[in-house]
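Dumping the structure here so I can ask a few things about it.
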Amino acid sequence: MPHKRNPILCERIAGLARLIRTNAFASLENINLWHERDISHSSVERIIFPDTTILLDYILDKMNFVLSNLKFNRNNIEKNVNLTRGLIHSQKVLLLLIEKGISREEAYKIVQSSAMKVWDGEGDLISELLKNPKVTKFVDEKELKEIFSSTRLLERVDYIFERLELS
């Protein structure tokens, strides 16, 4: 895939992760032997413990390399988010309506009804919600626009990067 950067590293990471999962399964099979006077589990542990820790160290190193060299096209991110016409914000709208006092069942019906219209090609979610008097009775346009703001999607990015020591 010539249009991708470092696909071989990510494929390698995915493949090695399967080995780690396999080692986890082998260790789970050892649990039922702990109370036995049998030491057959130790032969498995002598292999899976070092292999798993070495693999994990390698995977983390390669993943750090991939993430530190990751490139973003901010214009395309915004464009891709907007392709959903607001549907990706439906859960946040649902939670806001519940917070405002609407039952979860009723809020779900309201948001789903508007979302289905958007799926069928009618406008965007915020416009559909603003047409609904059940929504506007509890939420004003300003509150909805805040929920649909793309800056809200990114509000914790700096914190996440800081925690990952990537900033």
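Read the figures in this text as sums done on the coordinates, not as results from a lab. All figures in this text were calculated on a predicted structure; none of them were measured in a lab. Every residue, glycine among them, receives a Cβ derived from its backbone with ideal geometry; neighbour counts consider all protein chains shown.
Starting from the Cα of residue 62, draw a straight line to each of the lysines and keep only those under 18 Å, dropping any in the same chain fewer than 8 residues away.
4, 71
Can you check what the Kirkwood hydrodynamic radius comes to for the range 7-71, Cα pairs only, in Å to one decimal? Kindly include the intermediate steps, with their values, before the conclusion.
Numbers: mean 1/r = 0.0752 Å⁻¹.
Its Kirkwood hydrodynamic radius stands at 13.3 Å.
Which one of 32, 67, 138 has its Cα pushed farthest toward the positive end of the charge dipole of the chain, where Lys and Arg give +1 and Asp and Glu give -1 at the Cβ?
Farthest along the dipole direction, towards plus: 138.
Along each of the three principal axes of the Cα atoms of the chain, give the extent in whole Å, ordering the values from largest to smallest.
71, 44, 32
With a bin width of 5 angstrom, please list the P(r) values of the range 26-105 as percents of all Cα-Cα pairs, from the 0 bin to the one holding the largest distance.
Taking all Cα pairs of the range 26-105, the binned fractions are 3, 11, 10, 8, 7, 8, 9, 8, 11, 12, 9, 5, 1 percent.
Equivalent-ellipsoid semi-axes (√(5λ), Cα gyration tensor) for the range 36-79, whole Å, largest first?
Values: eigenvalues 371, 26, 3 Å².
Working through the eigenvalues yields semi-axes of 43, 11, 4 Å.
If you place +1 on the Cβ of every Lys and Arg, -1 on the Cβ of every Asp and Glu, and leave all else neutral, what size is the dipole of the chain about its Cα centre, to the nearest 20 Debye?
520
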